[in-house]
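**Student:** My structure is below; once you've seen it, I'll send some questions.
The values are calculated or read from the model by the stated rules, or taken from the named source; none is laboratory data. Treat the numbers as computed from the prediction; the structure is a model and nothing was measured. Quick reminder, even Gly has a Cβ in these numbers, built from the backbone with ideal geometry, and neighbours come from all protein chains shown.
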(Lines give C-alpha, C1' and ligand atoms only; values in the text may rest on other atoms or scores of the structure.)
Protein backbone atom coordinates (compact mmCIF):
# COMPACT_ATOMS: atom_id res chain seq x y z
CA UNK A 1 0.00 0.00 0.00
CA UNK A 2 0.98 3.62 -0.54
CA UNK A 3 0.55 5.14 2.92
CA UNK A 4 0.95 8.70 4.19
CA UNK A 5 1.65 9.19 7.89
CA UNK A 6 0.83 12.74 9.01
CA UNK A 7 2.54 13.57 12.32
CA UNK A 8 2.22 16.50 14.70
CA UNK A 9 4.94 19.11 14.22
CA UNK A 10 5.56 19.79 17.91
CA UNK A 11 8.42 17.28 18.02
CA UNK A 12 10.61 15.52 15.50
CA UNK A 13 9.79 11.91 14.56
CA UNK A 14 11.10 10.26 16.66
CA UNK A 15 11.29 12.97 19.33
CA UNK A 16 14.65 13.94 20.75
CA UNK A 17 13.28 13.96 24.29
CA UNK A 18 9.63 13.81 25.41
CA UNK A 19 6.92 13.15 22.80
CA UNK A 20 4.64 10.13 22.99
CA UNK A 21 2.62 10.63 19.81
CA UNK A 22 5.66 11.30 17.65
CA UNK A 23 7.38 8.26 19.11
CA UNK A 24 4.43 6.02 18.20
CA UNK A 25 4.31 7.50 14.68
CA UNK A 26 7.99 6.69 14.25
CA UNK A 27 7.60 3.09 15.43
CA UNK A 28 4.61 2.52 13.16
CA UNK A 29 6.22 4.17 10.15
CA UNK A 30 9.44 2.18 10.38
CA UNK A 31 7.60 -1.11 10.83
CA UNK A 32 5.31 -0.45 7.86
CA UNK A 33 8.36 0.28 5.67
CA UNK A 34 9.95 -2.94 6.93
CA UNK A 35 6.77 -4.83 5.97
CA UNK A 36 7.06 -3.63 2.38
CA UNK A 37 4.73 -0.65 2.21
CA UNK A 38 5.52 2.59 0.36
CA UNK A 39 5.33 5.10 3.22
CA UNK A 40 5.61 8.88 3.17
CA UNK A 41 6.02 10.75 6.45
CA UNK A 42 4.80 14.35 6.78
CA UNK A 43 6.75 15.68 9.74
CA UNK A 44 9.40 18.18 10.82
CA UNK A 45 12.60 18.34 8.80
CA UNK A 46 14.79 17.07 11.65
CA UNK A 47 12.90 13.77 11.71
CA UNK A 48 14.82 10.56 11.03
CA UNK A 49 13.04 7.88 9.02
CA UNK A 50 13.48 5.20 6.37
CA UNK A 51 10.21 6.42 4.79
CA UNK A 52 10.01 9.26 2.29
CA UNK A 53 10.24 12.33 4.52
CA UNK A 54 8.20 15.35 3.44
CA UNK A 55 9.45 18.14 5.69
CA UNK A 56 6.70 20.54 6.80
CA UNK A 57 8.76 22.61 9.25
CA UNK A 58 12.55 22.93 9.61
CA UNK A 59 12.53 21.31 13.07
CA UNK A 60 10.18 20.28 15.86
CA UNK A 61 8.26 23.36 16.89
CA UNK A 62 8.47 22.94 20.68
CA UNK A 63 12.24 22.88 20.90
CA UNK A 64 12.46 25.68 18.31
CA UNK A 65 10.49 27.90 20.67
CA UNK A 66 7.36 28.35 18.53
CA UNK A 67 4.27 28.56 20.74
CA UNK A 68 1.34 28.56 18.30
CA UNK A 69 1.51 25.56 15.96
CA UNK A 70 -1.77 26.04 14.06
CA UNK A 71 -0.35 27.92 11.06
CA UNK A 72 2.39 25.34 10.48
CA UNK A 73 -0.13 22.49 10.67
CA UNK A 74 -2.44 24.19 8.17
CA UNK A 75 0.44 24.45 5.69
CA UNK A 76 1.26 20.78 6.26
CA UNK A 77 -2.35 19.74 5.61
CA UNK A 78 -2.31 21.65 2.33
CA UNK A 79 0.86 19.77 1.34
CA UNK A 80 -0.92 16.49 2.06
CA UNK A 81 -4.01 17.54 0.12
CA UNK A 82 -2.01 18.39 -2.99
CA UNK A 83 -0.54 14.87 -2.96
CA UNK A 84 -3.73 12.90 -2.28
CA UNK A 85 -3.54 10.99 -5.57
CA UNK A 86 -0.16 9.59 -4.50
CA UNK A 87 -1.65 7.60 -1.62
CA UNK A 88 -4.04 4.73 -1.00
CA UNK A 89 -4.29 5.62 2.69
CA UNK A 90 -3.71 8.88 4.57
CA UNK A 91 -3.25 8.32 8.29
CA UNK A 92 -3.51 11.42 10.50
CA UNK A 93 -2.06 11.70 13.99
CA UNK A 94 -3.31 15.27 14.54
CA UNK A 95 -6.61 15.73 16.30
CA UNK A 96 -8.85 18.39 14.74
CA UNK A 97 -7.76 20.53 11.80
CA UNK A 98 -7.97 17.93 9.02
CA UNK A 99 -11.70 17.16 9.08
CA UNK A 100 -13.11 20.04 6.99
CA UNK A 101 -10.16 19.87 4.60
CA UNK A 102 -10.35 16.12 3.92
CA UNK A 103 -14.07 15.46 4.26
CA UNK A 104 -14.35 14.68 0.53
CA UNK A 105 -11.59 12.07 0.93
CA UNK A 106 -13.00 10.32 4.00
CA UNK A 107 -12.97 6.94 2.24
CA UNK A 108 -9.14 6.85 2.26
CA UNK A 109 -8.40 8.76 5.48
CA UNK A 110 -8.28 7.74 9.11
CA UNK A 111 -7.28 9.55 12.27
CA UNK A 112 -5.77 8.02 15.38
CA UNK A 113 -6.89 10.06 18.36
CA UNK A 114 -3.96 10.19 20.78
CA UNK A 115 -5.36 12.57 23.40
CA UNK A 116 -8.13 12.81 25.94
CA UNK A 117 -11.68 12.84 24.57
CA UNK A 118 -13.63 13.71 27.71
CA UNK A 119 -13.54 17.48 27.10
CA UNK A 120 -16.88 18.47 25.53
CA UNK A 121 -15.36 21.56 23.86
CA UNK A 122 -14.14 19.38 20.96
CA UNK A 123 -17.20 17.17 20.57
CA UNK A 124 -18.98 19.44 18.02
CA UNK A 125 -16.23 18.64 15.50
CA UNK A 126 -16.52 14.88 15.97
CA UNK A 127 -20.32 15.08 15.92
CA UNK A 128 -20.40 17.22 12.75
CA UNK A 129 -17.78 15.23 10.80
CA UNK A 130 -19.18 11.89 11.88
CA UNK A 131 -18.30 10.15 8.59
CA UNK A 132 -14.54 10.56 9.21
CA UNK A 133 -13.03 7.19 10.28
CA UNK A 134 -11.43 7.26 13.72
CA UNK A 135 -9.12 4.92 15.64
CA UNK A 136 -9.05 4.92 19.44
CA UNK A 137 -5.97 3.86 21.38
CA UNK A 138 -8.04 2.23 24.13
CA UNK A 139 -11.68 1.33 24.63
CA UNK A 140 -11.71 3.56 27.71
CA UNK A 141 -10.77 6.54 25.55
CA UNK A 142 -13.99 6.17 23.52
CA UNK A 143 -16.48 6.39 26.37
CA UNK A 144 -17.14 10.17 26.45
CA UNK A 145 -17.50 10.55 22.67
CA UNK A 146 -20.76 11.24 20.76
CA UNK A 147 -22.63 8.11 19.73
CA UNK A 148 -22.56 8.86 16.00
CA UNK A 149 -18.80 8.91 15.39
CA UNK A 150 -17.31 6.44 12.89
CA UNK A 151 -15.03 4.16 14.92
CA UNK A 152 -12.89 2.01 12.66
CA UNK A 153 -10.94 0.15 15.38
CA UNK A 154 -9.31 0.30 18.79
CA UNK A 155 -5.58 -0.27 18.37
CA UNK A 156 -3.31 -0.31 21.38
CA UNK A 157 0.13 1.20 21.01
CA UNK A 158 3.05 -1.12 20.43
CA UNK A 159 6.78 -0.46 20.62
CA UNK A 160 10.11 -2.04 19.66
CA UNK A 161 11.96 -4.08 22.25
CA UNK A 162 14.43 -1.70 23.93
CA UNK A 163 16.67 -4.66 24.80
CA UNK A 164 17.02 -3.63 28.45
CA UNK A 165 15.03 -6.31 30.29
CA UNK A 166 16.06 -6.59 33.93
CA UNK A 167 15.18 -9.73 35.85
CA UNK A 168 15.94 -8.12 39.21
CA UNK A 169 15.35 -4.39 38.91
CA UNK A 170 16.39 -2.14 41.77
CA UNK A 171 14.94 -0.64 44.92
CA UNK A 172 13.87 2.89 43.97
CA UNK A 173 10.51 4.07 42.66
CA UNK A 174 10.28 6.02 39.42
CA UNK A 175 7.97 8.78 38.17
CA UNK A 176 8.52 9.28 34.45
CA UNK A 177 7.00 11.58 31.86
CA UNK A 178 5.58 15.08 32.36
CA UNK A 179 5.03 17.35 35.33
CA UNK A 180 1.38 18.43 35.30
CA UNK A 181 -1.61 18.15 37.66
CA UNK A 182 -3.26 15.25 35.80
CA UNK A 183 -0.11 13.10 36.02
CA UNK A 184 -0.15 13.73 39.79
CA UNK A 185 3.55 13.88 40.70
CA UNK A 186 2.47 15.12 44.14
CA UNK A 187 0.82 11.74 44.73
CA UNK A 188 4.05 9.98 43.73
CA UNK A 189 6.06 12.09 46.18
CA UNK A 190 3.61 11.44 49.00
CA UNK A 191 3.63 7.69 48.34
CA UNK A 192 7.44 7.55 48.41
CA UNK A 193 7.67 9.57 51.62
CA UNK A 194 5.02 7.51 53.41
CA UNK A 195 6.61 4.24 52.24
CA UNK A 196 10.13 5.42 53.07
CA UNK A 197 11.47 4.54 49.59
CA UNK A 198 13.68 6.61 47.30
CA UNK A 199 11.80 8.22 44.38
CA UNK A 200 13.43 9.39 41.14
CA UNK A 201 11.47 11.90 39.07
CA UNK A 202 12.48 12.01 35.40
CA UNK A 203 10.04 14.40 33.80
CA UNK A 204 9.82 17.49 31.64
CA UNK A 205 8.12 20.74 32.60
CA UNK A 206 6.22 22.45 29.78
CA UNK A 207 5.85 26.25 29.93
CA UNK A 208 2.13 25.87 30.61
CA UNK A 209 2.96 23.81 33.72
CA UNK A 210 5.88 25.92 34.99
CA UNK A 211 3.77 27.73 37.59
CA UNK A 212 2.38 24.42 38.88
CA UNK A 213 5.91 23.05 39.15
CA UNK A 214 7.31 26.15 40.87
CA UNK A 215 4.50 26.57 43.40
CA UNK A 216 3.25 23.04 44.08
CA UNK A 217 5.90 20.46 43.14
CA UNK A 218 9.25 22.17 43.68
CA UNK A 219 8.70 22.84 47.41
CA UNK A 220 8.19 19.07 47.90
CA UNK A 221 11.52 18.13 46.31
CA UNK A 222 13.65 19.21 49.28
CA UNK A 223 13.61 15.79 50.92
CA UNK A 224 16.31 13.10 51.16
CA UNK A 225 14.09 10.47 49.53
CA UNK A 226 13.19 12.61 46.49
CA UNK A 227 15.53 13.06 43.50
CA UNK A 228 14.47 15.31 40.61
CA UNK A 229 16.33 14.42 37.40
CA UNK A 230 14.35 16.35 34.76
CA UNK A 231 13.76 15.39 31.14
CA UNK A 232 15.73 12.39 29.83
CA UNK A 233 16.38 10.80 26.44
CA UNK A 234 15.41 7.24 25.45
CA UNK A 235 18.60 5.60 26.72
CA UNK A 236 18.33 7.34 30.06
CA UNK A 237 14.63 6.54 30.31
CA UNK A 238 14.95 2.79 29.79
CA UNK A 239 17.95 2.62 32.07
CA UNK A 240 15.92 4.24 34.83
CA UNK A 241 12.95 1.95 34.17
CA UNK A 242 15.07 -1.22 34.21
CA UNK A 243 16.66 -0.23 37.52
CA UNK A 244 13.41 0.58 39.31
CA UNK A 245 11.42 -1.50 41.76
CA UNK A 246 8.25 -0.09 40.20
CA UNK A 247 6.98 2.69 38.00
CA UNK A 248 4.56 5.01 39.79
CA UNK A 249 1.62 5.98 37.59
CA UNK A 250 -0.66 7.84 40.03
CA UNK A 251 -2.74 9.62 37.39
CA UNK A 252 -5.67 11.87 38.24
CA UNK A 253 -7.36 11.94 34.84
CA UNK A 254 -8.88 9.57 32.22
CA UNK A 255 -5.58 8.52 30.63
CA UNK A 256 -6.28 7.50 27.00
CA UNK A 257 -3.39 5.01 26.90
CA UNK A 258 -0.27 5.72 28.94
CA UNK A 259 2.75 4.80 26.82
CA UNK A 260 5.05 4.74 29.82
CA UNK A 261 3.15 1.71 31.17
CA UNK A 262 4.19 -0.49 28.25
CA UNK A 263 7.68 1.00 28.27
CA UNK A 264 7.96 -0.14 31.87
CA UNK A 265 6.60 -3.62 31.15
CA UNK A 266 9.05 -4.00 28.24
CA UNK A 267 11.95 -4.05 30.71
CA UNK A 268 10.10 -6.19 33.26
CA UNK A 269 9.29 -3.43 35.74
CA UNK A 270 5.80 -3.60 37.26
CA UNK A 271 3.55 -0.55 37.56
CA UNK A 272 1.84 0.88 40.60
CA UNK A 273 -1.10 2.76 39.11
CA UNK A 274 -4.28 4.57 40.03
CA UNK A 275 -7.50 3.06 38.62
CA UNK A 276 -8.24 5.71 35.99
CA UNK A 277 -8.80 5.75 32.22
CA UNK A 278 -7.06 2.96 30.33
CA UNK A 279 -5.11 1.61 33.31
CA UNK A 280 -7.22 -1.54 33.92
CA UNK A 281 -7.26 -2.20 30.17
CA UNK A 282 -3.49 -2.06 29.66
CA UNK A 283 -2.28 -3.60 32.93
CA UNK A 284 -3.14 -6.89 34.63
CA UNK A 285 -3.77 -6.23 38.29
CA UNK A 286 -1.80 -8.66 40.43
CA UNK A 287 0.32 -9.83 37.48
CA UNK A 288 1.97 -6.85 35.77
CA UNK A 289 0.83 -4.19 38.21
CA UNK A 290 -0.89 -3.25 41.41
CA UNK A 291 -3.87 -1.01 40.66
CA UNK A 292 -5.07 1.12 43.58
CA UNK A 293 -7.76 3.62 44.54
CA UNK A 294 -6.31 5.15 47.74
CA UNK A 295 -3.03 6.32 49.26
CA UNK A 296 -3.18 3.57 51.89
CA UNK A 297 -3.44 0.92 49.16
CA UNK A 298 -0.59 2.55 47.26
CA UNK A 299 1.75 2.67 50.25
CA UNK A 300 1.04 -1.00 51.02
CA UNK A 301 1.65 -1.88 47.37
CA UNK A 302 5.15 -0.37 47.39
CA UNK A 303 6.34 -3.39 49.36
CA UNK A 304 4.00 -6.00 47.86
CA UNK A 305 4.82 -5.14 44.26
CA UNK A 306 8.25 -6.75 44.68
CA UNK A 307 6.49 -10.13 44.73
CA UNK A 308 5.36 -9.80 41.09
CA UNK A 309 7.23 -11.92 38.54
CA UNK A 310 9.24 -9.57 36.34
CA UNK A 311 9.46 -12.25 33.63
CA UNK A 312 5.66 -12.38 33.61
CA UNK A 313 5.52 -8.60 33.32
CA UNK A 314 7.80 -8.82 30.30
CA UNK A 315 5.69 -11.62 28.71
CA UNK A 316 2.58 -9.47 28.91
CA UNK A 317 4.41 -6.83 26.88
CA UNK A 318 5.63 -9.39 24.33
CA UNK A 319 2.18 -10.89 23.88
CA UNK A 320 0.27 -7.62 23.50
CA UNK A 321 2.28 -4.45 22.98
CA UNK A 322 5.07 -4.96 20.44
CA UNK A 323 5.33 -2.76 17.36
CA UNK A 324 4.59 -5.83 15.20
CA UNK A 325 1.23 -6.26 16.94
CA UNK A 326 0.41 -2.60 16.38
CA UNK A 327 1.47 -2.54 12.71
CA UNK A 328 -0.55 -5.69 11.92
CA UNK A 329 -3.67 -4.13 13.48
CA UNK A 330 -3.22 -0.96 11.44
CA UNK A 331 -2.79 -3.00 8.26
CA UNK A 332 -6.13 -4.64 9.02
CA UNK A 333 -7.70 -1.21 9.55
CA UNK A 334 -6.27 0.11 6.29
CA UNK A 335 -7.54 -2.95 4.40
CA UNK A 336 -10.99 -2.59 5.94
CA UNK A 337 -11.10 1.07 4.92
CA UNK A 338 -10.07 0.25 1.35
CA UNK A 339 -12.53 -2.65 1.13
CA UNK A 340 -15.34 -0.43 2.35
CA UNK A 341 -14.44 2.23 -0.23
CA UNK A 342 -14.29 -0.40 -2.99
CA UNK A 343 -17.66 -1.79 -1.95
CA UNK A 344 -19.21 1.66 -2.13
CA UNK A 345 -17.66 2.31 -5.53
CA UNK A 346 -18.94 -0.98 -6.91
CA UNK A 347 -22.44 -0.36 -5.60
CA UNK A 348 -22.43 3.13 -7.09
CA UNK A 349 -21.46 1.78 -10.53
CA UNK A 350 -24.02 -1.02 -10.68
CA UNK A 351 -26.67 -0.43 -13.36
CA UNK A 352 -30.01 0.68 -12.05
CA UNK A 353 -32.62 -2.13 -11.89
CA UNK A 354 -35.06 -2.27 -14.80
CA UNK A 355 -38.45 -1.04 -13.74
CA UNK A 356 -41.30 -3.58 -14.02
CA UNK A 357 -43.63 -2.97 -16.94
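**Student:** Looking at region 120-142 only, could you name the residues that are free of Cβ contacts under 8 Å to residues at least 24 places away in the same chain and in a loop (DSSP other than H, G, I, E, B)?
**Tutor:** Within region 120-142, just 130 meets the criteria.
**Student:** What number of residues within region 317-343 are touching a strand residue (DSSP E or B) at 6+ places or on another chain (Cβ under 9 Å), under 25 Å from residue 243 (Cβ atoms) and assigned to a helix (DSSP H, G or I)?
**Tutor:** Initially, region 317-343 is screened for residues touching a strand residue (DSSP E or B) at 6+ places or on another chain (Cβ under 9 Å), giving 317, 321-323, 326, 329-330, 332-334, 336-338, 340.
Those still in the list that are under 25 Å from residue 243 (Cβ atoms) too: 317, 321-323.
Then drop every residue that is not assigned to a helix (DSSP H, G or I), which leaves 317, 323.
Residues in region 317-343 being touching a strand residue (DSSP E or B) at 6+ places or on another chain (Cβ under 9 Å), under 25 Å from residue 243 (Cβ atoms) and assigned to a helix (DSSP H, G or I): 2 in total.
**Student:** If you go through region 221-228 one residue at a time, do you hit one that is within 21 Å of residue 279 (Cα to Cα), surrounded by fewer than 17 Cβ atoms within 10 Å (Cβ to Cβ) and without any contact (Cβ under 8 Å) to a residue 40 or more places away in the chain?
**Tutor:** No, region 221-228 contains no residue that is within 21 Å of residue 279 (Cα to Cα), surrounded by fewer than 17 Cβ atoms within 10 Å (Cβ to Cβ) and without any contact (Cβ under 8 Å) to a residue 40 or more places away in the chain.
**Student:** Would you point out the residue of region 204-220, among those that are in contact with a helix residue (DSSP H, G or I) (Cβ under 7 Å, 6 or more places away or on another chain) and closer than 22 Å to residue 246 by Cβ, that is surrounded by the fewest Cβ atoms within 10 Å (Cβ to Cβ)? Write out each step before concluding.
**Tutor:** Applying the first criterion (in contact with a helix residue (DSSP H, G or I) (Cβ under 7 Å, 6 or more places away or on another chain)) to region 204-220 yields 205, 212, 216-217, 220.
The next check asks that each one be closer than 22 Å to residue 246 by Cβ; those that pass are 217, 220.
Details: 217: 22, 220: 16.
Going through the qualifying residues, I end up with 220.
**Student:** Here is a further query. (1) out of contact with any helix residue (DSSP H, G or I) (no Cβ under 9 Å at 6 or more places or on another chain); (2) within 29 Å of residue 329 (Cβ to Cβ): which one isn't true of residue 59, the others all being true?
**Tutor:** (2)
**Student:** Could you list all residues from region 43-69 that are outside any loop (DSSP other than H, G, I, E, B), in contact (Cβ under 8 Å) with a residue 24 or more places away in the chain and either closer than 17 Å to residue 28 by Cα or not assigned by TED's automatic domain parsing to the domain that holds residue 27 (or both)? Spell out how you get there, then give the answer.
**Tutor:** Pass one, region 43-69, residues outside any loop (DSSP other than H, G, I, E, B): 43, 52-55, 61-64.
From what is left, the residues that are in contact (Cβ under 8 Å) with a residue 24 or more places away in the chain are 43, 54, 61-63.
The answer is 43, 54.
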